[in-house]
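Written below as structure tokens is the structure these notes are about.
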Amino acid sequence: MLHLITNPIGVWALSKREIHRFFSVANQTIFPPLVSSALFMYIFGVAIGSRINFASTGFSYLQFIVPGLMAMHLISSSYENTSSSLFIGRWHNHIQEILLSPLSYIEMVLGLLAGGVARGITVCVGVWGISFIFTQTSVAHPLALLYFMVMIAVIFSCAGMMGALWAEDFGMLSIWNIYLIVPLALLGGVFHPLSMLPAPLQILSHFNPMYYLICGIRLSMTNSGDTSLAICAIVAFLLASLFFVATVYLFKIGYKLRT
Amino acid sequence: MRNSETAISIKSLTKFYKKFQALNEVSFQVKRGDFFAFLGPNGAGKTTTINCLTGLSNYQSGEVKIFGYDVTSEYLHSRRLIGLCAQEFNFDPFLSIYNLLVYQAEYFGIPPLEAKNRANQLLERFNLSDKRNCKHRALSGGMKKRLLLCRALIHDPEILILDEPTAGCDLELKFLIWDYLAQLNREGKTIFLTTHYMEEAEKLCKTIGIINHGGMVRIGDKKQILQDKSLEEIFLEITGSE
């Protein structure tokens, strides 16, 4: 990858701009998912979760949903960051500042990606921090957790860019998130283990890619899940590669960027 | 630079917007150090040509080179050589005008310290220093025009492309821009100007090209073109406008 970067100052500048952008509006980008996570943990974890019998798994229901919430907000924050940044760039046409510069298409994607990855991981770690108010959660495999956080952020940052290129107005921008990403994430096991579902739905859930991503975060933290860490890691890598290549391709052909 | 004498070379450039042909086999060259006026009525293909030069538009056929570098296959080289002053105020709304210029310089690979120096120099040159921490929305129309110029010049390009730079400017700003463009041209910059003001082209430019209905209809040295007629008369004759 390094030899593909011919303009490191340019990539770093674009990355800085993207990170500066979401930190400058932290009230809209960082704090809302932390507040909603705290509410989820209180309502589902403390109030309702204490009545769910999870003793056989070796940890509480609250400890089970913390990785799920981390994954869910990692997914949505990464997606929202790149989709809003790129779409606003197209809307105001200041995307030309980047398109006119000597950044390769890979470098453009990497620069925009940096913002999505940084915001996703910031929120994900923030949700984990919030969980300490309610319970103790440890990390069984720190490097695996970092791997999954980066891979998931890459997948959904790229998905956000693809959504931003496809959208013609602000309404279209959120369609993928509302009707596809969030439902698949919720069905992928944010709040429930697969073993709680009837057999046919358990089989069906294995076709949901979100399941492997959420399971990867959960396995990294609790060392307990319905599938193996290696399978989750492979699925995450394949999806990240696919989405990255597809996004670079769209930039290269200038899809809705060049007339 | 691969070809140091020909700044812009366009051969048989053809561009369609769906079924509408915006450019039809357009060919011309602009020499290094030239001050080139690219004239034509609205919809003639001026901005489309600029977009093809800068990589903002794809085109169906032809060849576009900047100092010998193909703008499609060698875009990393060609883009370093061009500064574009667009028609519209397309600035990042999240950034102060100072940060906007610094980031723009850094996108071109200019180290941060030098980028800051250049931003300060340009803001001072265009009397925008006291607005450096403002966002572009706080600027007047004239200030935004100046900011467009600052942004186009921040990486010290060899070619400056200006798409109607003085449209909507008051006289004072128009003269300031004219003086600055003439100075840049004297310093060796190649300037490619589109304008609807004939007196602007007549006063500033050395070479004139006129495009109409997507095709080049006249190109040549200003003195050759303007023999016993004004540019306005010639323009109206060629484009058939009334």
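The values are calculated or read from the model by the stated rules, or taken from the named source; none is laboratory data. What you see is a predicted model; the values in this text were computed from it and never measured. Glycine also receives a Cβ, built like all others from the backbone with ideal geometry; neighbour counts cover every protein chain displayed.
A:T247 passes every criterion in (1) among the hydroxyl-bearing types (S, T, Y); (2) touching a residue at least 40 places away in the same chain (Cβ under 8 Å); (3) not in a helix (DSSP H, G or I) apart from (3). Among the residues of the range A:6-21, those identified as of a type in the set (A, V, I, L, M) and within 11 Å of another protein chain (Cβ to nearest Cβ) are A:I9, A:V11, A:A13, A:L14. Going residue by residue through the range A:158-181, is there one that turns out to be away from chain B (no Cβ under 14 Å), assigned to a helix (DSSP H, G or I), modelled with pLDDT under 95 and closer than 27 Å to A:S228 by Cβ? Yes, there is a match, as at least one residue in the range A:158-181 is away from chain B (no Cβ under 14 Å), assigned to a helix (DSSP H, G or I), modelled with pLDDT under 95 and closer than 27 Å to A:S228 by Cβ.
B:Q104 passes every criterion in (1) among the polar types (S, T, N, Q); (2) surrounded by fewer than 22 Cβ atoms within 10 Å (Cβ to Cβ); (3) at pLDDT 95 or above apart from (2). Here B:R79 does not qualify as among the basic types (K, R), in contact with an Asp or Glu (Cβ under 8 Å, 6 or more places away or on another chain), facing chain A (nearest Cβ under 8 Å) and in a helix (DSSP H, G or I).
In the range A:61-73 there is no residue matching the filter, namely being outside any helix (DSSP H, G or I) and touching a helix residue (DSSP H, G or I) at 6+ places or on another chain (Cβ under 9 Å). Within the range B:158-177, not a single residue is over 30 Å from B:M198 (Cβ atoms) and either polar (S, T, N, Q) or within 11 Å of chain A (Cβ to nearest Cβ) (or both).
Scanning the range B:1-50 for residues that are within 15 Å of A:T259 (Cβ to Cβ) and in contact with a helix residue (DSSP H, G or I) (Cβ under 7 Å, 6 or more places away or on another chain) returns B:L13, B:K15, B:A22, B:L23. Looking at A:S24, A:S78, just one residue is farther than 18 Å from A:M196 by Cβ, within 13 Å of another protein chain (Cβ to nearest Cβ) and of a type in the set (G, A, S), and that residue is A:S24. Looking across the range A:27-43, just one residue is out of contact with any helix residue (DSSP H, G or I) (no Cβ under 6 Å at 6 or more places or on another chain) and within 13 Å of chain B (Cβ to nearest Cβ), and that is A:Q28. Set side by side, the residues A:G216, A:G225, A:G189 differ, and just one is in contact with a Cys (Cβ under 8 Å, 6 or more places away or on another chain), more than 14 Å from every other protein chain (Cβ to nearest Cβ), within 22 Å of A:F40 (Cβ to Cβ) and not in a helix (DSSP H, G or I), which is A:G225.
Considering the range B:49-75, and only residues there that are within 8 Å of chain A (Cβ to nearest Cβ) and either farther than 25 Å from A:I88 by Cα or not hydrophobic (A, V, I, L, M, F, W, C) (or both), the residue that is surrounded by the fewest Cβ atoms within 10 Å (Cβ to Cβ) turns out to be B:N58.
Residues checked against (1) aromatic (F, W, Y); (2) surrounded by fewer than 18 Cβ atoms within 10 Å (Cβ to Cβ); (3) within 13 Å of chain A (Cβ to nearest Cβ); (4) over 21 Å from B:K174 (Cβ atoms):
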position: B:F89; (1), (2), (3), (4): yes, yes, yes, no
position: B:P93; (1), (2), (3), (4): no, yes, yes, yes
position: B:A119; (1), (2), (3), (4): no, no, yes, yes
position: B:L148; (1), (2), (3), (4): no, no, yes, no
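Among the criteria (1) part of a helix (DSSP H, G or I); (2) surrounded by 15 or more Cβ atoms within 10 Å (Cβ to Cβ); (3) aliphatic (A, V, I, L, M), the one A:L201 does not fulfil is (2).
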